[in-house]
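Asker: Below you will find the structure I want to go over with you.
The values are calculated or read from the model by the stated rules, or taken from the named source; none is laboratory data. Keep in mind the model is a prediction, meaning the values are calculated, not measured. Note that we place each Cβ from the backbone using ideal geometry, even for glycine, and neighbour counts take in every protein chain shown.
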Amino acid sequence: ASKPRREHYASSAIKIYRKVKPLPQKAATADRQPQKASVEVSGEYSENLVKVQMISQNLHRQIFPQTTRHTTEEQIAAARQHKEDLRRHGVDIESSAPVPDVQLQLPALQGQNIEEHFHSIAKEQVEPYEQLLLPLVQCRELPARPKRWEFLAGWTAYDPDDGTATPVEQPLEKGLVFDVEVCVSAGQAPVLATAVSTKRWYCWVSPKLTKHRLAVEKVEPCDVGADFERPHYTLEELIPLGAGGPSLVVGHNVSYDRARLREQYRIEDSGTRFVDTMSLHMCVSGVTSYQRAMLKSKKEPAPEDLGWLEQSSLNSLVEVHRLYCGGQALSKEPRNIFVEGTLEQVRTNFQSLVNYCAGDVEATHRVLRVLYPMYGERFPHPASLAGMLEMGSAYLPVNSNWERYIREAQLTYEDLSIEAKYHLGRRAEEACSLLDEEQYRSNLWLWDEDWSVQQLKLKQAPKRKSLPRVELPELSDLSSEQRRLYAKFQHLYDQRSLLPARRPLLPGYPQWYRKLCRKPPTEDAELEEDRWTPGASEISTGMQIAPKLLSLCWEGYPLHYQREHGWGFLVPFRSDAARAERIPIQELLARCAVPEFARQCASQEESNLAYDMLPGQLEEHLAKRQHYKKISQKQQRLEAQYQGSGVWCNQVLDDCCFFLKLPHKNGPSFRVGSPLSKDFLNKFSENVLSSGEPACQAAARVIDIARMMSYWRNNRDRIMGQMVVWLEQEQLPSELTDGKSYGAICPQVVACGTLTRRAMEPTWMTASNSRPNRLGSELRSMVQAPPGYRLVGADVDSQELWIASVLGDAYACGQHGATPLGWMTLSGSKSNGSDMHSITAKAVGISRDHAKVINYARIYGAGQQFAETLLRQFNPTFSASEAKAKAMKMFAITKGKRVYRLREEFHDELEDRGYSSYEASRLALQRNRTLGEVFHRPSWQGGTESAMFNRLEEIATGSQPKTPFLGGRLSRALESDAEQEQRFLPTRINWVVQSGAVDFLHLMLVSMRWLMGPHVRFCLSFHDELRYLVQEDMAAKAALAMHITNLLTRSYCVSRIGLHDLPMSVAFFSSVEVDTVLRKECTMDCQTPSNPHGLRIGYGIQPGQSFSISEAIDKAGGSDVSQWPWIKQRT
Amino acid sequence: VLDDSRVELLAHGQAYGELLKQQWLSLRPLAAYLGNSDSSVDVSATHLQRFSFASSKRFHSNFEQLVREHPRKAKCPTLLKHLCTSSACLPNPFLSHKPPVTHLITDFLVEPYRALEHFYNMQRESKIWWMRYSSNPSRYRIVARELPAEVDAKDCQAIDIMSCYGEECSVAVEQLSLVKLHGDDFRLPDARTGQTLPPAVIRSVIELETATCALLVDGCDHARETQSLLLNRVLAPYQCGIACQEVDGDMADLCLHIKDVLLRAGLRLCQGNGYALTKDASQLREHIKLSDMMGVPYTLLLSEQTLQNGLLQLRSRDTRLAETIHISDLPNYLMNMFKH
């Protein structure tokens, strides 16, 4: 097998493709691979000049048919340089272990090379939809809107000429601009919709609106417990658009409308695709979060912002319409009826509301007419549109376990809150006894609570009149003795009339405790569902008293609350307690001694204060102010010495303590409202925040509970608000009629929702991975394929890192892995410490995990300052200078040094070499010129990532930055500032990589569709993760198609940047998951507080399978993909 | 604690246990209560027996009784309760009561296809039930039990609700086992679909005496400085005490009167006289301390003032503070506190 190949390369003088480096025994024979195969495979081995293993010969021949693998003398010489560079950065190129080669027969590429191939298959895929879209874009004048809308249930078509209304099953044309309206008070189902094609108008009205009582029989909700009234949607309530063959719907934020279309919920794909004008707008004119804030702010814009402000807008239809079409602003007023009104009000205002809806459709069309040509010009590759259409068709199958999940999460949540409340209540009861002998005065947390006590007093008895007699219970069945006693004490009962009309609650108890209690019910008005219990029944973890009852400490100092500053803590600065009026300073000192930095302050403070006491009363006020001023002057010195994370706020309490605020995530000017909130919970594990009574299990438990609950508390509204549409038996494929409930969610994905065109969706895209202490975090695994189906998918291994590094490789060396970053990304491994994170960790002297975080932060554009902060956060024992030194070292090693080269005209007077930025600015200053006049744009040198940053900056600072793979342009909002090169630079750099990753994803979507045709249904993708719903018998083929998709997509990408080969290590996914549920890894059991028994035992869900490329080939029935029936048929 | 390291409840504890039983009877009111039996065979003294109860005579007769006497309740899901006195104790190394013991047995017959869900719900419900009676609700854990090899894992599951004390000690207060039945011996209609099917049974077994001991230990195991016995308010054998510093004969009469009022309202008062006349403040303090150690949640404190205007102090074991109430508030104010 190797013979012809040798001839093939005979023209090359040097034999670089070394034959058969014997595979390590383990790799070759692993996984039941027959011995024969490994021999055959070994002939396929190849590596490049820096010893990175390349894809097998057979694959290279198929994917890069026009490129032969040969090298020139220059390349070899250059490689020597690269190797030297690699060694200098601690890379041992001999250290990588080869992986088994792969033998595959791919379907023939469509076109001369891989680039033509993707263009042609993407074109083919979008063609039918473009044919529906373009007439709409080109349509100058929509048909006239009917004068009057018929109040008929279902679809009505309107004749463009005379406005005659005809009921229809569904719109007759396949290309529509569409808008749905929902009456929020009546649930999420649509109440009316309008649509227009190039031919005529349509209006859809819900039967719910036309018939006052919906004739649809009330369906028994699926497995819903009696306590939970959960909405239950069925296909009948949704809008039919028809299925079969391609059709196209245009809308603004169209996924909202899509979620109300009937056919979208069926397991079979309807063939309808959606063009979202909001996504098109984001692609063309998207903004950064800073810009968004500016757009929202009412303030006068700064001059440097004027440029981009003209080029962009917020995302609403009104704003987008104003930007692209100008003219009169759209009125949104009728919308309020949908938001706040009732169905009855919608009925009364039917004509005006339909007109409003139709107005939005017209506006969307006007926007489309202007926007789509701009989009087409800026995103010329058909894969961009194809990807967007596919992203807009996400589909999440669920079953009755969804309702069960919500129920269990909710119940667990309630259980936990009861438990937490119970503990707090107990702590409150216990604290009450501090009232005895005023012990509370020496309690570090409760001293400033309101301990005042009310007494129950009787009114003065009237002098002359006797008191009204209180009726006593029926005495007839009492003994004479009992009656005697009643009579004897009758006068006591009679004094009831002297009790105050409004009885104080719990007379004898401190005020703070009484606030936590409810009045006992009067006899006649007891509410059953809200039962009264004695004690602190109203307490909760969110209350101000809670952290105090738990005796919480920050860095060892007791927490304290100040209305003005929020939560903070007390740091003593003097050891004599003379002047402390309220703060229990003795106890405080017993717990935490005066810290070193505060000690000197105290002595100075004393002299200051002594001095202040001298002047007379009149001046006291002034002196006081000065006294505070002095503290604030001193503050800087103090702040420098204080090593913790508290925030100084110029507060001294009782002349013995500093009050420092807790740090708020949004910055020092914010006040912390609750130290038991989400942002502080992990501070407990870092021991920054702790209970002052370590023996008190209650505090630890309440904190644990708060931590468990936070995820669900923050997400439950979104999760419970997911619109699940349940399928009736007859709507299910025949193999699914097993009596269980099946349904689906159409997640409301904005196909391009950010500046970098990443998709956005609030619930699923940000879904947390399942964690044992996070209630409800099994969310994703509740997306479950129906029986007979599988979810097939994979994560692209270190996608963005690879994109960034390969850009550097291609640019600087034209060779995979020739830059240190490139090599580490491709061949580094965690196990032998040759990956990027291990190498940085070793060089700087920090842990690998910390290095990893900082590495990513840097590649995403974070600066040295940020790395410093991170380092100190990770390791509080680092001093400021230590952290700074480490951060500097790390940046020198990785990013390298900034070097300036002279412009040619200065070569005569100065030496042509690299200048540091200090030298460069000095030289420019000497010549009285700007830096840019004397020097070229600086570049990075000497670091592992210098090449990458140089390339990224070069792309990002161009006048029309384009993504490297599909040539998509940067948003106009960031492009317009050509002269302000540095402005938004980190954002633009990040855009190059992230938007490149979006191209990558779009390409994968196109490739999968090409390989699998109609046999896969797109399920969901988050950034680097891709999942499909596939029939079980197709699952293995889909898994193999995923692997091939990775191979082809990466090949396309490298080909676009001038490399015509692909490293083996990134050619295939490390694994493709074939699973019944959506989860990160197919073996995860997703045990959480709400799923304590895990998926396997609790839900009877078995682990899925995970296929490497060789397993996928095996399971898919062999390596000849070109023989798959639908592919064979096509050719 | 007896010689063989088993424990035995004294009168006070037995009363506590009796109240626990009453609570159990009123829990899950859907049930058909099938009374008491003396059989010792159908109790799951060994691990394997937890799953084989369906073949016992008692289960058969219970099932027949359900179909015969409660035809309207004889469908899935339904609930059967019965008591059983037994000489065999459940295995519990930390705490074990001297036989004979009483087993409180609940059988929950459910649709087999929702068995797991019901099983988990029941676990949660039971755990909360125990938590409500505890001085520290976090001490309860649901612990899965390994299935014996003889049992088909597809059809059975078992958990214990453990009450934990410190790091090492724990007591199983309730056993829950799930068994799916097969064949035609037991068939019930599904309440939703009407289709008859062999139900799955979730059996809960509580050993009353052992569980009572566990709750008593729970009442002592708290991190407070005082030696209070934190018994649940509703279950406490003595709900209320009356105490005063004796001033004169009228005071004794007033105590007697209040005792009478409370007793007639059905409140459980301290033993003996039902009230304590103490000589001086220190004796009163001693008395209160004793009441706390006996777990009496509230004590009414009378003073000379009470004889003048009817105001008295209601002192709580848990807060160690007293609130002022009026004699005319009795007994309703107290009744309210014990309602839930």
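Asker: I need the full set of residues from region A:412-459 which are aliphatic (A, V, I, L, M) and within 11 Å of another protein chain (Cβ to nearest Cβ), in order please.
Answerer: Scanning region A:412-459 gives A:Leu416, A:Ile418, A:Ala420, A:Ala428, A:Ala431, A:Leu434, A:Leu435, A:Val453, A:Leu456, A:Leu458.
Asker: Quick check on A:Ala706: is it out of contact with any strand residue (DSSP E or B) (no Cβ under 9 Å at 6 or more places or on another chain) and in a helix (DSSP H, G or I)?
Answerer: Considered against the rule, which asks whether it is out of contact with any strand residue (DSSP E or B) (no Cβ under 9 Å at 6 or more places or on another chain) and in a helix (DSSP H, G or I), A:Ala706 comes out as yes.
Asker: In region B:112-131, what residues are more than 9 Å from chain A (Cβ to nearest Cβ) and either among the β-branched types (Val, Ile, Thr) or over 21 Å from A:Tyr405 (Cα atoms) (or both)?
Answerer: Passing the criteria: B:Trp129, B:Trp130.
Asker: If you don't mind, there's one more thing I want to ask. From the residues in region B:132-154 that are under 16 Å from the mean Cα position of the chain (by Cα) and free of Cβ contacts under 8 Å to residues at least 40 places away in the same chain, which one is nearest to the other protein chains (Cβ to nearest Cβ)?
Answerer: That would be B:Pro137.
Asker: For B:Ser303, are the conditions met, namely being hydroxyl-bearing (Ser, Thr, Tyr) and surrounded by fewer than 19 Cβ atoms within 10 Å (Cβ to Cβ)?
Answerer: yes
Asker: Kindly indicate whether B:Ala149 is among the aliphatic types (A, V, I, L, M), surrounded by fewer than 18 Cβ atoms within 10 Å (Cβ to Cβ) and not in a strand (DSSP E or B).
Answerer: Answer is yes for this residue.
Asker: Of everything in region A:460-472 that's surrounded by 10 or more Cβ atoms within 10 Å (Cβ to Cβ) and more than 8 Å from every other protein chain (Cβ to nearest Cβ), which residue is modelled with the lowest pLDDT?
Answerer: A:Leu472
Asker: Take B:Ala252 and tell me if it is hydrophobic (A, V, I, L, M, F, W, C), more than 10 Å from every other protein chain (Cβ to nearest Cβ) and closer than 17 Å to B:Thr306 by Cα.
Answerer: So B:Ala252 passes the test.
Asker: Is it fair to say A:Ser798 is within 30 Å of A:Ile1057 (Cα to Cα), in contact (Cβ under 8 Å) with a residue 24 or more places away in the chain and more than 22 Å from the chain's Cα centre (by Cα)?
Answerer: Here the answer is no, as A:Ser798 does not meet what is asked.
Asker: Report whether or not A:Ser1021 is modelled with pLDDT under 95 and of a type in the set (Gly, Ala, Ser).
Answerer: yes
Asker: So in region A:505-514, with the set limited to residues that are buried (at least 17 other Cβ atoms within 10 Å of the Cβ) and not aromatic (Phe, Trp, Tyr), which one is farthest from the other protein chains (Cβ to nearest Cβ)?
Answerer: A:Arg514
Asker: Continuing with this model, one more query. Give region A:199-232 a look and list any residue that's at pLDDT 50 or above and crowded, with 18+ Cβ neighbours inside 10 Å, or say none.
Answerer: The answer is A:Arg200, A:Trp201, A:Tyr202, A:Cys203, A:Trp204, A:Val205, A:Ser206, A:Lys208, A:Leu209, A:His232.
Asker: Please specify each residue of region A:674-703 satisfying the condition of being touching a residue at least 24 places away in the same chain (Cβ under 8 Å) and either among the β-branched types (Val, Ile, Thr) or in a loop (DSSP other than H, G, I, E, B) (or both).
Answerer: Of everything in region A:674-703, those that are touching a residue at least 24 places away in the same chain (Cβ under 8 Å) and either among the β-branched types (Val, Ile, Thr) or in a loop (DSSP other than H, G, I, E, B) (or both) turn out to be A:Ser674, A:Pro675, A:Leu676, A:Ser677, A:Val688, A:Gly692, A:Glu693, A:Cys696, A:Val702, A:Ile703.
Asker: For the condition surrounded by fewer than 19 Cβ atoms within 10 Å (Cβ to Cβ), more than 18 Å from A:Leu505 (Cα to Cα) and within 27 Å of the chain's Cα centre (by Cα), what is the one hit in B:Ala265, B:Ala281?
Answerer: B:Ala265 is the lone residue from the list that is surrounded by fewer than 19 Cβ atoms within 10 Å (Cβ to Cβ), more than 18 Å from A:Leu505 (Cα to Cα) and within 27 Å of the chain's Cα centre (by Cα).
Asker: Tally up the residues in region A:328-366 that are more than 18 Å from A:Asp179 (Cα to Cα), assigned to a helix (DSSP H, G or I) and without any contact (Cβ under 8 Å) to a residue 40 or more places away in the chain, please.
Answerer: Final tally of qualifying residues: 3.
Asker: Moving on to the next point. Regarding region A:757-771, can at least one residue be identified that is within 24 Å of A:Thr1045 (Cα to Cα) and not in a loop (DSSP other than H, G, I, E, B)?
Answerer: yes
Asker: Another one. Which ones in region B:191-211 are over 19 Å from B:Ala54 (Cβ atoms) and at pLDDT below 90?
Answerer: Result: B:Ala191, B:Arg192, B:Thr193, B:Gly194, B:Gln195.
Asker: Of all the residues that make up region A:1018-1063, how many are among the hydroxyl-bearing types (Ser, Thr, Tyr) and within 23 Å of the chain's Cα centre (by Cα)?
Answerer: 2
Asker: Further question: Among (1) more than 14 Å from chain B (Cβ to nearest Cβ); (2) out of contact with any His (no Cβ under 6 Å at 6 or more places or on another chain); (3) among the aliphatic types (A, V, I, L, M), there is one condition A:Leu317 misses while meeting the rest; what is its number?
Answerer: (2)
Asker: Just the residues that are hydrophobic (A, V, I, L, M, F, W, C), over 24 Å from the mean Cα position of the chain (by Cα) and more than 27 Å from A:Ser540 (Cβ to Cβ), please, taken from region A:690-749.
Answerer: Within region A:690-749, A:Val725, A:Trp726, A:Leu727, A:Leu732, A:Leu736 meet the criteria.
Asker: Can I ask one more? Taking B:Gln22, is it modelled with pLDDT of 85 or more, within 30 Å of B:Val296 (Cα to Cα) and surrounded by fewer than 14 Cβ atoms within 10 Å (Cβ to Cβ)?
Answerer: yes
Asker: If I filter region A:531-551 down to residues being in contact with a helix residue (DSSP H, G or I) (Cβ under 9 Å, 6 or more places away or on another chain) and in a helix (DSSP H, G or I), which single residue comes out as surrounded by the fewest Cβ atoms within 10 Å (Cβ to Cβ)?
Answerer: A:Ile545
Asker: When the residues of region B:230-249 are filtered to those that are surrounded by fewer than 21 Cβ atoms within 10 Å (Cβ to Cβ) and away from chain A (no Cβ under 14 Å), which remaining residue is farthest from A:Lys488 (Cα to Cα)?
Answerer: B:Pro237
Asker: Let me ask something else about it. If A:His1060 meets every condition in (1) in contact with a helix residue (DSSP H, G or I) (Cβ under 6 Å, 6 or more places away or on another chain); (2) over 21 Å from A:Val1121 (Cβ atoms) apart from one, which number is that one?
Answerer: Failing condition for A:His1060: (1).
Asker: Of the residues that sit in region A:312-330 and are among the polar types (S, T, N, Q) and under 33 Å from the mean Cα position of the chain (by Cα), which one is surrounded by the fewest Cβ atoms within 10 Å (Cβ to Cβ)?
Answerer: Among those that are among the polar types (S, T, N, Q) and under 33 Å from the mean Cα position of the chain (by Cα), it is A:Ser316.
Asker: How do the pairs read when you match residues in region A:988-1017 that are more than 20 Å from A:Glu800 (Cβ to Cβ) with residues anywhere that are in a helix (DSSP H, G or I) and of a type in the set (Phe, Trp, Tyr), using Cβ under 6 Å and keeping only pairs 6 or more apart or on different chains?
Answerer: A:Gly1013/A:Trp1126
Asker: Got a number for residues in region A:480-502 being facing chain B (nearest Cβ under 9 Å) and part of a loop (DSSP other than H, G, I, E, B)?
Answerer: Looking only at that region, the number is 1.
Matching residues to (1) away from chain B (no Cβ under 14 Å); (2) under 23 Å from the mean Cα position of the chain (by Cα); (3) surrounded by fewer than 24 Cβ atoms within 10 Å (Cβ to Cβ):
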site: A:Asp1075; (1), (2), (3): yes, no, no
site: A:Ser1090; (1), (2), (3): no, yes, no
site: A:Gly1094; (1), (2), (3): no, no, yes
site: A:Tyr1099; (1), (2), (3): no, no, yes
site: A:Pro1103; (1), (2), (3): yes, no, yes
site: A:Ser1106; (1), (2), (3): yes, no, yes
